[in-house]
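Visitor: Handing you this structure, nothing more for now.
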Number of protein chains: 2
Amino acid sequence: MGHTHPTVADASDITIGPIRGSHKAWVGTTGPAGEPLRVPVRRIELTNGEHLDVYDTSGPYTSYTTAAEVHDLAVGLPRLREDWSRPHAVPADPAQPSSPRVRTQLAWARNGVTTPEMAFIAAREGLSVDVLRAEVAAGRAVIPANHRHPEAEPMVIGKKFAVKVNANIGNSVVRSSIAEEVEKMVWATRWGADTIMDLSTGRDIHLTREWILRNSPVPLGTVPIYQALEKVDGDPTALTWEIYRDTVIEQAEQGVDYMTVHAGVLLRYVPLAARRVTGIVSRGGSIMAAWCLAHHTESFLYTHFAELCDILAAYDITFSLGDGLRPGSIADANDEAQLAELRTLGELTRIAKGRGVQVMIEGPGHVPMHKIVENVRLEEEWCDEAPFYTLGPLATDIAPGYDHITSAIGAAMIAQAGTAMLCYVTPKEHLGLPDRDDVKVGVITYKIAAHSADLAKAHPGAQLRDDALSRARFEFRWQDQFNLGLDPDTAVAFHDETLPAEPAKNAHFCSMCGPKFCSMRISQDVRDYAETHGLTSVEAIEAGMAEKSAEFVDQGARVYLPVVD
Amino acid sequence: MGHTHPTVADASDITIGPIRGSHKAWVGTTGPAGEPLRVPVRRIELTNGEHLDVYDTSGPYTSYTTAAEVHDLAVGLPRLREDWSRPHAVPADPAQPSSPRVRTQLAWARNGVTTPEMAFIAAREGLSVDVLRAEVAAGRAVIPANHRHPEAEPMVIGKKFAVKVNANIGNSVVRSSIAEEVEKMVWATRWGADTIMDLSTGRDIHLTREWILRNSPVPLGTVPIYQALEKVDGDPTALTWEIYRDTVIEQAEQGVDYMTVHAGVLLRYVPLAARRVTGIVSRGGSIMAAWCLAHHTESFLYTHFAELCDILAAYDITFSLGDGLRPGSIADANDEAQLAELRTLGELTRIAKGRGVQVMIEGPGHVPMHKIVENVRLEEEWCDEAPFYTLGPLATDIAPGYDHITSAIGAAMIAQAGTAMLCYVTPKEHLGLPDRDDVKVGVITYKIAAHSADLAKAHPGAQLRDDALSRARFEFRWQDQFNLGLDPDTAVAFHDETLPAEPAKNAHFCSMCGPKFCSMRISQDVRDYAETHGLTSVEAIEAGMAEKSAEFVDQGARVYLPVVD
């Protein structure tokens, strides 16, 4: 972006400053040409002198302490990747001599080229760059990084890496302003959103996206058919390939990193969805179904797919092949319509990869627990293990107002089974547009699901944070317990509702049990006693405990201590 | 209770009236002697003239419409079971001639006797009484129903039945009054709590429990060691079997339906826990560990277990064998301490059942997803499939303030694997005492986990509610969508934040997409068109679609309709 826009959002509209108990830091690494790279982390400082660095998605916003420090939002973030070396075009698939020469992370990886983005991400994930490059080369991981979005900090989506979370934002005709959407992006990435999707369907779609892109430290995804539909005044039957293509190019030029394309909604699948309890619940899917039906011809997204691949390859935009026929209810899960489309997405995956385009596959939606693993198995089998990117899924339909929770259950399970990125669901799902609080609850809830899956998959280092927090909890380091959590502000607020006094934050008990009933206090005394006396095994206690126990009682049997220190 | 107490809670303290869009109803059935029984349901009336009956735990409170109708809380609820036939004492285990003669649901079931409670529950669950009696006889299900708690409506806990949810309430020295605790019980059962545990450790433990019991429509559980500890001024080393026994009898006489007993915390297991990241996190477990350590002798709960069984048998109180060594962190999950205790609980289970006492087994706690199923497998193997009753488990430690969610993930998975009852966790877990709002969020969250498991286990009829809600959603019956949910009030409030106007509740779109982008609207048009023209199969559409599509366009291609009707 060589020019600036009239200011529609400024520093007063956005949230800045560090998250409680932490500050932004950078860890150095080097790029493939030896160039220094700085990888951001959030450093949580503990009261015992230790610290824990955690993955950080918040960009510079958490390093600003005053509004005066904030960059000019009308210009955008520093263009981090602009000076990084970008290797030359290489064959999309070196095993196929006729494949086009492109400049995408997939093609580079296949040709054995390590990019600065790969070096950055390897350090960020704590894994070797060789593993990363191999996963990208195999199409099991993607690095969504449009050449025209140099502001974004590179990240990877793939099942060998930390499970990622996407947050949807975007206005509709009913609500919202550009400033609000920019703040939602800043706010969502503050709490850990790894990517943002701008799903705007209201006024100023182009300008809203421009403001978000220029200020986003994470990759941005869109669904271009929404804007294309706006261009034909909302009449799906008036859509054409040309209008769609021009919209894709417009967004590509702006820097969109990945695009949802519902190219698997084929004419012959439409009747399958008509028999469902909830029909077609994907906006893009229903638009394309209506178009196919009205024209009685195959979807232009399908018939022009190779051409679309070449546009995306030119920018290194990643496909997010949309599940336009995903189930919208428990009753429709894993049905013929859904699975027929998934097979077609597999076919499209192979076409895209052959042309050097990175691909991920979108997944459901609404799925009961016993049908969740099957979704991952079929996706991996039919789509050559392209990263799976699911919306939840909701494990039941019966809790509107709590669908962040119904879906966190499904999300954690599907991520454990191999899903690489989870699209969040907020408490407002099915009911209204999320506000700022809903966005936060949605992100935190999905960080829980993603991290639970990281633990279950034994992702390197994932358990360090759990262990640090649990040690803090056991040692009554209340501030550390709060600050090591995903949302320190809420933890402190909840604690203070019952025991607001400052000394209570150092108390060796809490409000749940009070001092006399504190199991942790008693347990610590037991441990101290056992360790002091070498009673750390079954054998030791059997052998030496009789005399020791008398001594324990003599010492006052300090099994609880109502101490506030 | 033949007398009344000074009024410390009255109708103005509690929540009454039906849940939005529903009213209490009763379904008739007959007892074993042909006596009429009335099983409560909550009837949700739909705008299309249909209704859906759902399981109801709320007692008469949701049938009262004015404070004047409320029964005298100082006297208590009508004594529903008082007039029911109670069969004679029978051998605890008819296969063992020397077994004592008792009057428990287990013994009756083993002797082929159908009780009124069994008949009531079979109708309530929609399953045959023969299946129920067989499950109880096998010890795979329990009916917690102290003869002295006739106010409670019978229910079953077992893996063949709907997954149940327990809500903990109770004061501590830090907070709360009797009136507050009674309201928490009414409030928790309103939203679906199947049992209540009173964990009071503060003032007036006996009187608080009396008020809760007399007014509770669901079984009540306690942890008698808490009150016993109060009696020795909070010094665990001063506890004796006699003080504990007298406390159990005191609570048994009041009508407590099930009791948590940490009889598996053996002296030799204590050092195992001392090496953990979070030691012993169970209050009861830490109390018994301290006692064992101080006296260097085996737990009196273990050495007097048979005597304890005979007390519980006399009232038909169900054991909830406590997991005093459950893990309190991800790091400690499935460790030697936890599993050693579980084996001992299996040994105790066989003793209890041999004496006719019903048993369930308590489980963790904090467990990463990949270690959850193992907990159920070992519990079933070692404890003869006694119903498992777990606290969550939390799938990660890193989200204080959101532990209802971290644990709902684990709870849903462990219930899918066979856990029969889930003890809720509220957002205040680890931070403070839950208030009324926290209790509601905890119960709703756990109803989600339980219902998700019911769906995954294909529990008969479970999916009816999902399907009814999804149909309402697809047909834009907004009021029905709200009312079929677990929490209609919150659903309505969330909807109204974005689109408050009353007509919007009939709108054929919602605030998420606005009228033009409504996938459901488009999808309905597609379905209407396909059905009208017989295009309901791939073959039909391939064969007959070309001419039909022209017709579809001629008719105006009604694929969206921004209609508010």
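Visitor: For the stretch B:314-430, build the charge dipole from Cβ charges (+1 Lys, Arg; -1 Asp, Glu) around the Cα centre, then report which of B:Leu339, B:Gly363, B:Ala352 sits farthest towards its positive end.
Guide: B:Ala352
Visitor: Debye calculation, C-alpha points only, no solvent: report log10 I(q)/I(0) for the stretch B:168-237 at q = 0.13, 0.16, 0.21, 0.27 Å⁻¹, in the same order as the q values.
Guide: Taking Cα atoms of the stretch B:168-237 as identical point scatterers yields -0.34, -0.51, -0.82, -1.23.
Visitor: Which percent of Cα-Cα pairs in the stretch A:383-462 sits in each 5 Å bin, short to long?
Guide: In order of increasing distance, the bins hold 3, 18, 26, 23, 16, 9, 5, 1 percent.
Visitor: I need the shape label for the stretch B:11-61. Rule: rounded when a/c is under 1.5, else prolate if a/b > b/c, else oblate, with a, b, c from the alpha carbon gyration tensor.
Guide: It comes out oblate by the Cα gyration axes.
Visitor: Also, I was wondering about something else. Give me the number: length gained by fully extending A:Asp233 to A:Thr303, i.e. 0.36 nm times residue separation minus the C-alpha to C-alpha distance, one decimal in nm.
Guide: Gain on extension, A:Asp233 to A:Thr303, equals 22.8 nm.
Visitor: 222 nm [θ] for chain A, helices only, -39500 (n - 2.57) per DSSP H run of 4+, per residue, to 500?
Guide: Value at 222 nm, helices only: -12500 deg cm²/dmol.
Visitor: Let me ask something else. Given A:Lys457/B:Lys447; A:Lys428/B:Lys184; B:Lys159/B:Lys447; A:Lys159/B:Lys457; A:Lys184/B:Lys428, which pairs have Cα atoms separated by over 19 Å?
Guide: Long pairs (Cα-Cα over 19 Å): A:Lys457/B:Lys447; A:Lys428/B:Lys184; A:Lys159/B:Lys457; A:Lys184/B:Lys428.
Visitor: In percent, how large is the relative contact order of chain A, given Cα pairs closer than 8 Å and 6 or more residues apart?
Guide: 12 percent
Visitor: How big is the B-A contact in terms of buried accessible area, both chains counted, 1.4 Å probe, rounded to the nearest 100 Å²?
Guide: Looking at B and A, the buried total is near 10800 Å².
Visitor: Now, a different point. To the nearest µm²/s, what D does Stokes-Einstein give for the stretch A:235-319 at 20 °C and 1.002 mPa s, using the Kirkwood radius over alpha carbon pairs as Rh?
Guide: The estimated diffusion coefficient comes to 158 µm²/s.
Visitor: Starting from the amide H of B:Thr260, placed 1.01 Å from N in the peptide plane, find each other amide H under 5 Å away whose residue is 5 or more places distant or on another chain.
Guide: Counting only residues 5 or more places away or on other chains, the set is B:Thr222, B:Val223, B:Ser320.
Visitor: Here's another thing I want to ask about it. Accessible area, 1.4 Å probe, largest first: how do A:His430, B:His296, A:His295 sort?
Guide: Output order, biggest surface exposure first: A:His295, B:His296, A:His430.
Visitor: Determine the percent antiparallel among the DSSP beta bridges restricted to the protein assembly as shown, to the nearest 5.
Guide: 45 percent
Visitor: On to the next question. With the crude spin-label approximation of a point 7 Å out along Cα→Cβ, what separation in nm comes out for A:His296 versus B:Glu50?
Guide: 3.4 nm
Visitor: Now for a separate question. Of A:His451, A:Thr278, A:Ile169, whose Cα points farthest to the positive end of the dipole of chain A (charges on the beta-carbon: +1 Lys, Arg; -1 Asp, Glu; origin at the Cα centre)?
Guide: A:Thr278
Visitor: While we're on this one: Taking Cα atoms, how many degrees apart are the long axis of helix B:488-498 and the longest axis of chain B, rounded to 10 and kept between 0 and 90?
Guide: 50 degrees
Visitor: Ignoring ligands, DNA and RNA, what accessible area per residue does chain B give at 1.4 Å, in Å²?
Guide: With the other protein chains kept in place, chain B gives 30 Å² per residue.
Visitor: If you line up the long axis of helix A:205-215 against the longest principal axis of chain A, both from Cα atoms, how many degrees apart are they, to the nearest 10?
Guide: Helix A:205-215 sits roughly 40 degrees off the main axis of chain A.
Visitor: Binning at 10 Å from 0, report for chain A what percent of all alpha-carbon pair distances ends up in each bin.
Guide: With 10 Å bins starting at 0, P(r) equals 4, 17, 26, 25, 14, 8, 5, 2, 0, 0.
Visitor: Counting other Cβ atoms within 10 Å of each Cβ, which GluC sites (Glu not before Pro) in the stretch A:1-103 have at most 13 and sit in a DSSP loop?
Guide: Answer by residue number: A:Glu50, A:Glu82.
Visitor: Given a cut-off of under 8 Å on Cα pairs at least six residues apart, what relative contact order in percent is computed for the stretch A:46-150?
Guide: Rounded, it is 20 percent for the stretch A:46-150.
Visitor: With charges only on Cβ, +1 for K and R and -1 for D and E, what is the dipole size of chain B about its Cα centre, in debye, rounded to 20?
Guide: Here chain B has a charge dipole of around 640 debye.
Visitor: Ok, one more. Classify the stretch A:167-457 from the C-alpha gyration tensor, please: rounded if a/c falls under 1.5, else prolate or oblate depending on whether a/b exceeds b/c.
Guide: It comes out rounded by the Cα gyration axes.
Visitor: If the only charges are +1 at each Lys and Arg Cβ and -1 at each Asp and Glu Cβ, what is the size of the charge dipole of the protein assembly as shown around the Cα centre, to the nearest 20 debye?
Guide: Approximately 980 debye in magnitude.
Visitor: Another one. Report the one residue of A:Leu37, A:Asn48, A:Ala95 whose Cα lies farthest in the direction of the positive end of the charge dipole of the stretch A:22-135 (charges on C-beta: Lys and Arg +1, Asp and Glu -1; origin at the Cα centre).
Guide: A:Ala95
Visitor: Here's a follow-up. How would you classify the stretch A:313-429 from its alpha-carbon gyration tensor, with a ≥ b ≥ c the square roots of the eigenvalues: rounded for a/c under 1.5, else prolate if a/b is greater than b/c, otherwise oblate?
Guide: Note, shape of the stretch A:313-429 comes out prolate.
Visitor: Follow-up. Taking H as built 1.01 Å from N, whose amide H comes closer than 5 Å to the amide H of A:Leu391, not counting residues under 5 places away?
Guide: HN-HN under 5 Å from A:Leu391: A:Gly363, A:Gly365, A:Cys423.
Visitor: Mind putting a number on the dipole of the stretch B:167-457 about its Cα centre? Charges go on the C-beta only, +1 for Lys and Arg and -1 for Asp and Glu, and I need it in Debye to the nearest 20.
Guide: Once rounded to the nearest 20, the dipole reads 420 debye.
Visitor: How large, in Å, is the stretch B:1-100 by the Kirkwood hydrodynamic radius built from its alpha-carbon pairs?
Guide: Here the Kirkwood hydrodynamic radius works out to 17.1 Å.
Visitor: Per the 1.4 Å probe, what fraction of the accessible area of the stretch A:22-135, in percent, lies on carbon and sulfur atoms?
Guide: 52 percent
Visitor: Sorted from largest to smallest, which semi-axis lengths in Å does the alpha carbon gyration tensor of the protein assembly as shown give for its equivalent ellipsoid, taking the root of 5 times each eigenvalue?
Guide: Taking √(5λ) for each Cα gyration eigenvalue gives 53, 36, 25 Å.
Visitor: How many partner chain Cβ atoms sit within 10 Å of a residue's Cβ in peptide A:408-418, on average, as a whole number?
Guide: Average neighbour count from other chains, rounded to a whole number: 5.
Visitor: Using a Förster distance of 41 Å, how high is the FRET efficiency between A:Ile249 and A:Asn111, based on the Cβ-Cβ distance and rounded to 0.05?
Guide: For A:Ile249 and A:Asn111, the calculated efficiency is 0.95.
The values are calculated or read from the model by the stated rules, or taken from the named source; none is laboratory data. Given the structure is predicted, the values throughout are model-derived calculations rather than measurements. Every residue, glycine as well, gets a Cβ built from its backbone with ideal geometry; the counts of neighbours run over all protein chains shown. Heavy atoms of the whole protein, side chains included, go into the accessibility calculation; ligands, DNA and RNA do not. Shrake-Rupley method; radii C 1.70, N 1.55, O 1.52, S 1.80 Å.
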